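The values are calculated or read from the model by the stated rules, or taken from the named source; none is laboratory data. Keep in mind that this is a model prediction, so the values were computed, not measured. Here Cβ is always computed from backbone atoms with ideal geometry, including for glycine, and neighbour counts include all displayed protein chains. Just so you know, the surface numbers come from the protein's heavy atoms only, side chains and all, with ligands and any DNA or RNA stripped out. Shrake-Rupley method; radii C 1.70, N 1.55, O 1.52, S 1.80 Å.
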Amino acid sequence: INAEYGDHTELMGSGGRGGDPDADADDQDRNPLDPDQEATPDLEDDAATAPLIQDHDVWAIQNLTKSNAKRTDVLLTWAMVLLLLMSVHILVCMVVMSEAEGWDPATSLYFALVTITTVGYGQFVPTMTGTKLYTTFFVLLGLAISGVFVAIIQMKILDSLVMRENAQVSKWRVLAVPTGLTAVWLGAYMGVTVAMGDFDAVDAWYFSVISFTTVGYGDKLLHGNDSRLVGMVFLITGTALFAFLLSTIVTLVTSVYRMRACKAYFSKRITRARLAEMDTTGSGDVSRAEFLEYMLLASNSVDPEVIAEINSCFSHALAVAQGPVAMAPREVLNVQHLEPSKAWVDAAVTETKTPV
């Protein structure tokens, strides 16, 4: 951890290793990662520090890829569990409505799917007190499961957007798959209803869109059992695809807007007051970690509880570490680097700069 991030201001104080100037002088003549090796003379030069920064970026992308792969496995597991729960939930509703309302299994299943997708044609409705109460329970629990499922879809979409950003691929291309699948499925359902003789072309398109978007006016209905059986397949998949499309749009727009807001905030000039806010250790220097934490919180890009948990995890890792800790050179920023004509410091600056 220390070798990778090199942020030790909370342990070292403003003078480096415990504030001891003699110790700092010795440290400047040594490579912190290898005490037996002399320090590189031009470590402060941009040409020398640039490869270190580039290597860190490569390391970050590699770890992000691995993290996303593990997260995908977890999300898929949760998605399978939710699909199983939803299937059981729908089958129980089919049995209950068949027994209580006297409907045949196909009609009961059709009612369950029309209800759980929130389409609600109104073609079949509960007529008894018991079934009405059960339907409310069925709807509330079903929507809760659906909400968690949609959240999983959004997390996966967000992961995809992050990876596309790192690969320098346009984020808007993520809309291609859900848009294409939804359009194809709408056309397919339209063609099937026309072929089965339920509607003409205009009414078939109208019915398909109204159904997939879960509007469900109820003015156009499927009356034959065969049409309903086919409609159940298209209804559950079509509403899922449309939910996928909407989730993608919401996540994409939110991500783009947040990134633009962050860039606008980051373009503001760094003042002495802002630098003082970043310097959480009071050392006069701002490390990369302090700068990153401040910017993430100030731009509302991350939950403060997440930052607190990360800091707690880091402190715990330091507390349980055994033996001497090898310290890497850390990059800092202080008021000496603030220029009237620039908002940002272009060059990487090492810890050897005089603290203010």
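Among the residues of region 237-289, those that are without any contact (Cβ under 8 Å) to a residue 12 or more places away in the chain, farther than 15 Å from residue 174 by Cα and open to solvent by 70 Å² or more (accessible area, probe 1.4 Å) comprise 257, 259, 260, 263. Within region 290-302, the set of residues being open to solvent by 70 Å² or more (accessible area, probe 1.4 Å) and at pLDDT 85 or above comprises 292 only. For first residues located in region 67-94 and of a type outside the set (A, V, I, L, M, F, W, C), partners that are open to solvent by less than 30 Å² (accessible area, probe 1.4 Å) and lie 6+ apart or on another chain with Cβ distances below 6 Å form the pairs 68/159; 89/142.
Of the residues making up region 211-233, those that are part of a helix (DSSP H, G or I), without any contact (Cβ under 8 Å) to a residue 60 or more places away in the chain and surrounded by fewer than 20 Cβ atoms within 10 Å (Cβ to Cβ) are 226, 227, 230, 233.
Only a single item in (1) closer than 17 Å to residue 120 by Cβ; (2) outside any helix (DSSP H, G or I); (3) in contact (Cβ under 8 Å) with a residue 24 or more places away in the chain is not met by residue 198, and it is number (1).
Looking across region 131-147, the residues that are open to solvent by less than 70 Å² (accessible area, probe 1.4 Å) and either more than 28 Å from residue 100 (Cβ to Cβ) or free of Cβ contacts under 8 Å to residues at least 12 places away in the same chain (or both) come down to 144, 147.
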